[in-house]
Amino acid sequence: MAPDSDREHETLTPETHEEPEDLPLEKSPYYHVPQEPTVEELLEEVDTGARAPLVEIFTSIQGEALFVGLQQIFIRFSGCDLNCPYCDTPAAREAPPAEVWCQAKPGVRGFTIDNPARVEDVVDVVRRMLRYDEEGAIHSISLTGGEPLLYPDFVAALTTMLRQFDLPIMLETNGMRPGDLQKVLRMVDWVAADFKLDSAMGRALDDGARREFLRLAQYKRVFVKLVLTEAATDEELQGVFDLIADIDPACPVFLQPVTRTGECYPPSGLDLIRWRAMAMRRLRDVRVIPQIHKLLGLP
Ligand code: SF4
């Protein structure tokens, strides 16, 4: 029998070493999820004076995907790295407004804060909104855009400060910036990845970035939304379903027919049923839901 030291050496050689099943995440170039520090430790490092350009802060009913029908606080960032033809927030892609419009409660008079907004000013606005919410109707906080991950340092500081309100924090993103996701993931509860289809964008997007993004998001709770236009193809959808299923077949996926915008038309109802069935061959939780807030006449 070989001495213990030899056996140890043997098990570590590349030929004989078998990787545990959960290792692929560590192979990600973006893999560097640090040990969890406490919120108190993180707060010591927070730059409360960090700034980012915002458009508005308000509360309304979430009209899409997993949290549909729940009231959220929306913190909308200015700026986006994509240019979707059906974008329903064009203001988020224009030059940032001089001031951020804020509303503490639907129906009450709005107010403004300076733009680019400071972390501590945004936190004060959220505090004010929650004071108005005597009924406890607000379910969670959504960071949306535009693309919030254009400002990862600000988002990291803001989400750390927002923990004090003990509400779930959701990051809505186009899912193309895994390196920036890594910087903010620690303080986010939910990642809503809004993957874009090549047919809608008129160009091929980077599948590798999306794959890395989804792998990294597995450290938190994540769901995927796909906005479908009549231009969507079986082939590209199968590719996205496979990409998601290879990482997590239980990841909730929402097929959202586009709300007609310009030349973007929604697919037929029959196509939606067919595409959902196609997705269900590999995924466990796939739902078809249109934008509900548009039907309700809400922002
Ligand atoms: S990613 Fe979102 S905000 Fe950016 S252009 Fe597309 S729909 Fe608009």
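The simple Förster model, with R0 at 30 Å and r as the Cβ-Cβ distance, assigns ASP242 and LEU298 a FRET efficiency of 0.30. Working value for the chain: equivalent-ellipsoid semi-axes of 35, 28, 16 Å, each the square root of 5 times a Cα gyration tensor eigenvalue, largest first.
Spatially close Lys pairs in the chain, defined by Cα atoms under 24 Å apart and a spacing of eight or more places or different chains, total 10. Shape analysis of the stretch 154-195 places it in the oblate category; the axes a ≥ b ≥ c from the Cα gyration tensor give an a/c of at least 1.5, with a/b not above b/c.
Residues whose amide H comes within less than 5 Å of that of LYS225, counting only those at least five positions distant or on another chain, are ALA193, ASP194, PHE195, PHE254 (H built at 1.01 Å from N in the peptide plane). Between THR259 and THR233, the contour length at 0.36 nm per residue exceeds the alpha carbon distance by 7.6 nm. For SER142, the residues whose modelled amide H falls within less than 5 Å of its own, excluding neighbours fewer than 5 places apart on the same chain, are ILE73, PHE74, ILE75, MET170.
Note on SER60 and ASP81: their simple-model spin labels are 2.6 nm apart, each label 7 Å out from Cα toward Cβ. Secondary-structure-derived ellipticity at 222 nm for the chain, considering helices only, amounts to -9000 deg cm²/dmol, per-run term -39500 (n - 2.57) for DSSP H runs with n ≥ 4. As a calculated quantity, the FRET efficiency between ARG203 and ARG131 at R0 = 51 Å, using C-beta atoms, amounts to about 0.65.
All of the numbers you see were taken from the coordinates with simple rules; none came from a lab. Fair warning: this is a prediction, and the values are worked out from it, not measured in the lab. Methodologically, a virtual Cβ is constructed for each residue, glycine included, from the backbone with ideal geometry; neighbour enumeration extends over all protein chains shown.
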